[in-house]
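Reading through the structure tokens given below for one structure.
The values are calculated or read from the model by the stated rules, or taken from the named source; none is laboratory data. Values in this document were obtained by computation on a predicted structure and should not be read as measured data. FYI the Cβ positions are ideal-geometry reconstructions off the backbone, even for glycines, and counts take in every protein chain you see.
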Amino acid sequence: MVTAWAPQLPEVARHLVLAGVAEIAGDRDAFQAALGIPLRVCWLNADLATLRTRLHRRHEGDHDIASLPWCLYRAGELRATPVE
């Protein structure tokens, strides 16, 4: 999908907000290469209780029973990761 609209991005958008996890610099570099524009990366921070509440709300009615436990585990793991 990115390759379909990335070439026009500088002409149609002043700002683009992407949500995702870039665990290593290579991940960030891959996003930047795919978009073809410089990226500014930020870390949105919330305490673990808030993250857990948000995840429970997000997964209400989810038919994939493994999804919520995995996301809860991953949120704790990412929350404990030092920001570079």
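Just one of (1) modelled with pLDDT of 90 or more; (2) in a helix (DSSP H, G or I) fails for Glu60. It is (2).
Summed over the stretch 34-49, the residues that are surrounded by 12 or more Cβ atoms within 10 Å (Cβ to Cβ) and either assigned to a helix (DSSP H, G or I) or among the acidic types (Asp, Glu) (or both) give a count of 3.
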